[in-house]
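Beneath this line is the structure, given in structure tokens, with notes to follow.
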Amino acid sequence: MTLARINKLNKSYDTGGEITHVLREMDLSLNRGEMVMIMGPSGSGKTTLLNLLGGIDGPDSGVLQVDGLNLTELTKKDLNKFRRERVGFIFQFYNLIPTLTAIENVELGLENLVGNSKEMKIRAKKYLDMVGLSDKARNYPQELSGGQQQRVAIARALSKEPALILADEPTGNLDEEREESIMGIMKDLQHELGITFLIVSHNTRLKKYMDRTLVLRHGTLHEGS
Ligand SMILES: Nc1ncnc2c1ncn2[C@@H]1O[C@H](COP(=O)(O)OP(=O)(O)OP(=O)(O)O)[C@@H](O)[C@H]1O
Ligand SMILES: [Mg+2]
């Protein structure tokens with residue numbers, strides 16, 4: 001079953017009259033419960049692609065379907081709802097809220113998703129424990145190391161148990177041991193909950209966890225080695 005379908009997708013940016021064509025007639029199909037990695041040079045459009053699939057940005061043209069929804073046809077309100085309920089985002093630069101503690105950052109993503117505030121706390125704690133941060137739940141982002149902040153961002157995305165996780169260099173700041181443990185957690189969630197993962201990384205060590213690896217070059221995706 002298909003979770004996401006991209007067909008002839010185009011995306012360009014216009015910065016003061018200079019147009020950068022980032023994605024050109026791109027095709028991509030993701031099966032439900034699949035874990036796929038995207039590699040590619042810096043500036044090739046990997047983050048751009050994740051932003052489109054997550055409904056954070058819109059394409060110039062083309063088909064962009066996720067979880068049965070045509071993202072280009074949704075109202076702003078429905079697009080917000082889609083993003084909140086069905087997608088977990090692990091951003092390249094974490095995007096934690098500095099005025100909230102680690103556990104509050106995780107809980108924030110669970111609003112309107114998980115019953116009451118008590119259940120939100122239980123779920124947030126469960127995922128912070130899973131990524132090895134039980135002792136840092138009450139700390140603020142600036143009191144955490146880069147790798148610890150990254151793990152808060154991972155817990156925030158995974159705890160939603162969404163249809164799709166979009167991850168931008170999710171283990172970029174972790175040591176190899178921690179990377180293995182985090183990838184193990186993601187594999188478990190893939191298998192137990194049928195979550196689809198699209199993971200952007202330059203790290204070839206992650207290949208062994210993937211069902212497929214694709215390379216983004218010149219605006220389109222190619223089969224990786
Ligand atoms: N908001 C924006 N406005 C204008 N240009 C942008 C914007 N976002 C990205 N770009 C341009 O689009 C291209 C693709 O950027 P993108 O961030 O998707 O690359 P990337 O593959 O994620 O790179 P990296 O590996 O360095 O993270 C780059 O040339 C970048 O300068
Ligand atoms: Mg990027």
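The values are calculated or read from the model by the stated rules, or taken from the named source; none is laboratory data. Quantities reported herein were computed from a predicted structural model and do not represent experimental measurements. FYI the Cβ positions are ideal-geometry reconstructions off the backbone, even for glycines, and counts take in every protein chain you see. Calculation scope for accessible area: heavy atoms of the full protein, side chains included, ligands and nucleic acids excluded. Shrake-Rupley method; radii C 1.70, N 1.55, O 1.52, S 1.80 Å.
Okay, here's what the table says:
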item: Which listed residue is among the hydroxyl-bearing types (Ser, Thr, Tyr), touching a helix residue (DSSP H, G or I) at 6+ places or on another chain (Cβ under 8 Å), more than 16 Å from ligand 1 (Cβ to nearest atom) and more than 28 Å from THR99 (Cα to Cα), from TYR127, TYR209; result: TYR209
item: Region 38-68, residues that are more than 13 Å from ligand 1 (Cβ to nearest atom) and in contact with a Gly (Cβ under 9 Å, 6 or more places away or on another chain); result: LEU64, VAL66
item: Count of residues meeting criterion [in contact with a strand residue (DSSP E or B) (Cβ under 6 Å, 6 or more places away or on another chain) and modelled with pLDDT under 95] in region 145-168; result: 0
item: Identity of the residue in region 20-37, open to solvent by less than 70 Å² (accessible area, probe 1.4 Å) and under 14 Å from THR220 (Cβ atoms), that ends up farthest from ligand 1 (Cβ to nearest atom); result: SER29
item: Long-range neighbours under 7 Å by Cβ, at least six apart or interchain, first residue farther than 17 Å from ARG151 by Cα within region 177-200, second modelled with pLDDT under 95 and not in a helix (DSSP H, G or I); result: none
item: Per-region count, region 204-225, residues surrounded by 17 or more Cβ atoms within 10 Å (Cβ to Cβ) and modelled with pLDDT under 95; result: 1
item: Any hit, region 45-55, residues being part of a strand (DSSP E or B) and more than 16 Å from ligand 2 (Cβ to nearest atom); result: no
item: Residues of region 8-44 that turn out to be part of a loop (DSSP other than H, G, I, E, B) and more than 25 Å from ILE182 (Cβ to Cβ), as a count; result: 3
